[in-house]
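The following block contains the structure, expressed as structure tokens.
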Amino acid sequence: MSAHLRVLVIGAGIGGLALAQGLHRAGIDVTVCERDPAPTGRLQGYRLRLNQDGLDALDRLLPPGLARLIWDTSSSPSRSGYRHGTPSGAERNVAVNRLTLRQILLHGLGDVVEFGRDCTGYQACPDGTVTATFADGSQRTADVLVAADGVNSVVRRHYLPHAQVMDTGVRIMYGRFPLTRETAELVPDEWFQLYAPLFGPDHQHIGIAPVHARCANPDLPTGLTLTDTADYVMCLFAARTELLPPDDELRTGTGRWLRDLTADLARAWQPAAADLLARAETGTFFPIFMRSSVPLEPWPTTSVTLLGDAIHAMSPAVGVGANTALRDADLLTVKLTEAESGADLITAIREYETTMIDYGFDAVRTSAKYGAIRMGQTPLPG
Ligand SMILES: Cc1cc2nc3c(=O)[nH]c(=O)nc-3n(C[C@H](O)[C@H](O)[C@H](O)COP(=O)(O)OP(=O)(O)OC[C@H]3O[C@@H](n4cnc5c(N)ncnc54)[C@H](O)[C@@H]3O)c2cc1C
């Protein structure tokens, strides 16, 4: 190991970026390698519910100005107007716009995050370091490699080949339309909340979520631009695969086709929500093939570790996947900071993994349980 810890994070999603913010703030040498060519390169979803765990983690990980901005861009939807989150208030469940959160998490990490870096594998070196390899043939060596590369994690497949990710049998199609004075009239009062869940026959599920995406603070830090700040209504339709066309058709279908398909299915049992689904802008509609990690036993600790969906992907039934990734980032920051200050590195990572495995797989099990009740998700094995 070098005199100062070098940490290489694979994946600039919510968890990887939050970790990078925490390590950067602690003065630890961190690099994040992200496969996407740019931060806005692909549809990643729309609104996220952040709970106490996620908000507390962000409060600790981010410099105060950015932590404040999380509150200024979060909201609790209400028919009567904006209710932005407040750090001191009782509002510990808020909605944030994914892209806005990502843009805030990226701020100040210009030299830290490298885009267009597709990790293809890694090698553990005899001196205890780890060398990651990339699709362009390049390599990078660090003292710790953190897999934050999501549910399809390349690092996990090399490191824990026995770890399983199962198909839950549920498909989610979702999109959004602008929330204007006119469209707000179409959303019944009782759906004007953080997330209105509607349950239909055969575990069909519709979710409606108005999102106030505006930033309450006009004075953004220099260099930060938020590009997705118009209010909208997120609408999703979930059903078991048996009720839907084959996956290949969902994968290749246009946004318009997906939107019309779901609006038609919804119309049979929830005509008012079907009208909202039918309003979704076709370019915003896309499918998600819902998967879940299968909890596994602890593994021997090394200088390769994992966080977020890379190790504990879960059903969105409870809405805690991102919150759990943020909790991982917070805990791993604490442990790697201890290692930087002289504590044994492997012991520090083991302490992180022992705790993370516990709460992470607990969240997977709870999400699977409610996913089965609410969406007919296939239960976890055993
Ligand atoms: C419909 C839906 C709704 C959800 N709602 C909520 C919610 O309300 N609240 C909540 O807490 N959670 C929610 N979740 C879960 C949440 O989205 C995830 O748990 C969270 O995004 C995980 O973050 P992550 O950083 O671990 O992974 P990701 O956000 O998936 O990031 C992984 C990153 O790694 C990159 N990457 C992948 N492979 C490579 C590679 N080979 N090399 C380099 N980079 C790579 C990817 O491009 C990506 O940027 C929801 C999920 C879904 C599907």
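None of the figures in this text is laboratory data; all of them are computed from the coordinates on show. Since the structure is predicted, the reported quantities are computational estimates derived from the model, not experimental observations. Backbone-built Cβ (ideal geometry, glycine too); neighbour counts: all protein chains shown.
Can you work out the FRET efficiency for the pair Leu186 and Cys125, with r the C-beta to C-beta distance and R0 = 56 Å, to the nearest 0.05?
In this case the efficiency is close to 0.40.
In debye, nearest 20: dipole of the chain around its Cα centre with unit charges on the Cβ of K, R (+) and D, E (-)?
In total the dipole reaches around 600 debye.
Only bridges whose two residues both fall in the chain count here: according to DSSP, what percent of them are antiparallel, nearest 5?
Of all bridge pairs located within the chain, approximately 75 percent are antiparallel.
Using a Gaussian network model of the chain whose springs link C-alpha atoms within less than 10 Å, name the residue from Ala209, Ala135, Ala329 with the highest mean-square fluctuation.
Ala135
With Cβ to Cβ distances under 15 Å as the rule, what net charge do the other residues near Gly22 carry (K, R +1; D, E -1)?
-4
Here's something else I'd like to know. Among Ile70, Ile346, Ile28, Ile104, what is the fewest-to-most ranking by other Cβ atoms within 10 Å?
Ordered by Cβ neighbours within 10 Å, fewest first: Ile346, Ile28, Ile70, Ile104.
Tell me what the chain gives for mean residue ellipticity at 222 nm when only DSSP H runs of n ≥ 4 count, each as -39,500 (n - 2.57), the sum divided by the residue total, rounded to 500 deg cm²/dmol.
My calculation for the chain gives -10500 deg cm²/dmol from helical runs alone.
Could you grab the relative contact order for the chain? Cα pairs under 8 Å, six or more apart, rounded to a whole percent.
22 percent
Exposure proxy check: Ser78, Ser341, Ser153 ranked by fewest other beta carbons within 10 Å?
In order of increasing Cβ crowding within 10 Å: Ser341, Ser78, Ser153.
Specify the residue with the greatest mean-square fluctuation among Ala339, Ala268, Ala12, computed from a Gaussian network of the chain linking alpha-carbon atoms under 10 Å apart.
Sorting by GNM fluctuation, first place goes to Ala268.
Nearest 20 debye, what's the magnitude of the dipole of segment 170-291 about its Cα centre given +1 on Lys and Arg Cβ and -1 on Asp and Glu Cβ?
200 debye
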